[in-house]
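Chemist: Before I ask anything, here is the structure I am working with.
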Amino acid sequence: MYQAPPSTKPLNLRSAHLKIEQGKKHIADLDAERVRFLGTDPYVGVPKFHPEADSTEFILQSLPPIPDSIPLILGDAVHNLRVALDYLACELVRSADIEPKGVYFPICETVEKYKSEAGGKIKGMPEAAKDEIDKICPYGGGNDGLWGLHKLDIIDKHRLLPTVGMKVGSWQVNLSLTPTEYNFAMPSVLEEGDTIGWIPGNHETDKRMSVTADIAFGEPKVFQGRPIVETLTQLAQMVKAIVSHFGF
């Protein structure tokens, strides 16, 4: 737990915690939209029989667009979590009886950029607080979760956050009216025309086939292919832990 210098004012981090809770509400809404979309069974394979191999290949059909509501809510969740950290930084500066101006919680792409840029973002902050933030390693290669959160917020300021369909690990095909689950190695990110499995014999008449799938980040690279709700939940926990480290 952060030990504030005796000369500083008590911290009031209520606003930061409120932003985190608002972010968590957006994550819950996002999960509801995700479940609603995946409940339509959007990822379906088309059978193609290969006589020479006496087996049926299942090829992923054209991919339906992910609803716009998902990247919109996703951006709101990301922004609330990122802003909670900026609220924390500003309050730490206020604790030194300095009105924050141009203050941000410092997150950088590399440790080199952090060393050169962080000081300007936390000007006026008590040295003890700066030391605690240094320990968090808020830069790519140090704390990739924080760097990814920061990058997501930047992307969302310019365009909708890209999302993609991703496989979870299994798919079902209807054989003899009984859904049967098969586990196959498939690409992490689903693309039109992917081969998602083979079954011995001719099964071109079996049209009911679906992939167990989820929705993943398309960017940034540090989160690419990772499920959006699971990842955001982890980020919310991380941000809450950081803010709580400094107080409530």
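Chemist: Within segment 131-162, count every residue that is crowded, with 16+ Cβ neighbours inside 10 Å and either at pLDDT below 95 or aliphatic (A, V, I, L, M) (or both).
Modeler: Counting residues in segment 131-162 that are crowded, with 16+ Cβ neighbours inside 10 Å and either at pLDDT below 95 or aliphatic (A, V, I, L, M) (or both) gives 7.
Chemist: Right, next: For Asp86, indicate whether it is closer than 23 Å to Ile228 by Cα and either touching a residue at least 12 places away in the same chain (Cβ under 8 Å) or hydrophobic (A, V, I, L, M, F, W, C) (or both).
Modeler: Yes, satisfied.
Chemist: Quick one: which of Ser55, Ser69, Ser116 is at pLDDT below 95 and out of contact with any Ser or Thr (no Cβ under 8 Å at 6 or more places or on another chain)?
Modeler: Only one candidate qualifies: Ser55.
Chemist: Would you check if there is a residue in segment 59-70 being more than 30 Å from Thr40 (Cβ to Cβ) and among the small types (Gly, Ala, Ser)?
Modeler: No, segment 59-70 contains no residue that is more than 30 Å from Thr40 (Cβ to Cβ) and among the small types (Gly, Ala, Ser).
Chemist: Name the pairs whose Cβ atoms lie under 8 Å apart, with the first residue in segment 186-212 and at positive phi and loosely packed, with under 15 Cβ neighbours inside 10 Å, the second at pLDDT 75 or above and in a strand (DSSP E or B), and 6 or more positions between them or separate chains?
Modeler: Hits for this filter: Gly193/Ile59; Gly193/Leu60; Gly201/Ser55; Gly201/Thr56.
Chemist: Is there any pair with a first residue in segment 1-30 that is under 9 Å from Ser95 (Cα atoms) and a second that is aromatic (Phe, Trp, Tyr) whose Cβ atoms are under 8 Å apart and which are 6 or more apart or on different chains, and what are they?
Modeler: Between residues of segment 1-30 that are under 9 Å from Ser95 (Cα atoms) and residues that are aromatic (Phe, Trp, Tyr), the close pairs are Leu11/Phe246.
Chemist: Quick check on segment 207-248: of everything there that is in a loop (DSSP other than H, G, I, E, B) and out of contact with any strand residue (DSSP E or B) (no Cβ under 7 Å at 6 or more places or on another chain), which residue is farthest from Leu72 (Cα to Cα)?
Modeler: For segment 207-248, the residue satisfying everything is Lys207.
Chemist: Name the single residue that is nearest to the chain's Cα centre (by Cα) among those in segment 4-36 being more than 22 Å from Gln234 (Cβ to Cβ) and in a helix (DSSP H, G or I).
Modeler: Taking the candidates together, the pick is Arg36.
The values are calculated or read from the model by the stated rules, or taken from the named source; none is laboratory data. Since the model is a prediction, treat every value here as computed from it, not as a measurement. Glycine gets a Cβ as well: all are built from the backbone with ideal geometry, and neighbour counts include every protein chain shown.
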